[in-house]
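Heads up, the thing below is written out as structure tokens.
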Amino acid sequence: MKMYILIKEDTPDKLVPVITAHASLACFRKFEHNENMQKWINGIFKKVVCVVSEKEFENAKMESENIVLTESSLENKEVCIAFVPRDEYSKMFKFFRMWTPQDNL
């Protein structure tokens, strides 16, 4: 069981660690009574952070049980989506790239 966190590819690397930390907490708070969330939080709570294009981001927003986060320092632009943990995600998640920093923090 994993929580996927998707970050837009144009988000500055120096903001990603804080944004993803906020995303996992916001997702937990929004869905804390969800059965899958309870199973995840009381077990080994794995998280996967992926980088996505604008199109992938928009498509992912159509998936169920998610929370979209904005960033105030980027004029409240949508930058991240976190999903309620689950055992299986739709096929598109298999094609997302893992996030790795591209510049110096």
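Below are the figures for this structure:
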read-out: Nearest-ten-degree value, helix 16-30 long axis tilted from longest Cα axis of the chain; value: 30
read-out: Dipole magnitude (debye, nearest 20) for the chain, charges at Cβ of Lys, Arg, Asp, Glu; value: 360
read-out: FRET efficiency, Ser73 to Val48 (Cβ-Cβ, R0 35 Å, nearest 0.05); value: 0.90
read-out: Under the Karplus curve 6.51 cos²θ - 1.76 cosθ + 1.60, θ = phi - 60°, whole-Hz ³J(HN,Hα) for the range 82-96, x wherever Gly or Pro sits; value: 10, 10, 3, x, 7, 6, 10, 10, 5, 4, 4, 5, 5, 9, 6
read-out: Cleavage-rule hits, GluC sites (Glu not before Pro), the range 38-105, DSSP coil, Cβ neighbours within 10 Å at most 12; value: Glu75, Glu88
read-out: Label corresponding to Rg and Dmax of the Cα atoms in Å when calculated from the structure given, among (1) 32.1, 120; (2) 26.3, 114; (3) 13.1, 39; value: (3)
read-out: Amide H within-cut-off set for Met3, under 5 Å, with H built and near neighbours excluded; value: Lys46, Lys47, Val48
read-out: Value of [θ]222 nm, deg cm²/dmol, for the chain, DSSP H segments ≥ 4, -39500 (n - 2.57) each, nearest 500; value: -8000 deg cm²/dmol
read-out: Inter-probe distance in nm under a simple model that places probes 7 Å from Cα toward Cβ, at His22 and Met62; value: 2.8
read-out: Net charge, Ser64 excluded, C-beta distance under 13 Å - Lys, Arg +1, Asp, Glu -1; value: 0
read-out: Residues whose placed amide H lies under 5 Å from that of Trp99, excluding near-sequence neighbours; value: Val49, Cys50, Val51
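Only the coordinates and a few stated rules stand behind these numbers; no lab work does. Treat the numbers as computed from the prediction; the structure is a model and nothing was measured. All Cβ positions, glycine included, derive from the backbone under ideal geometry; neighbour counts span all protein chains shown.
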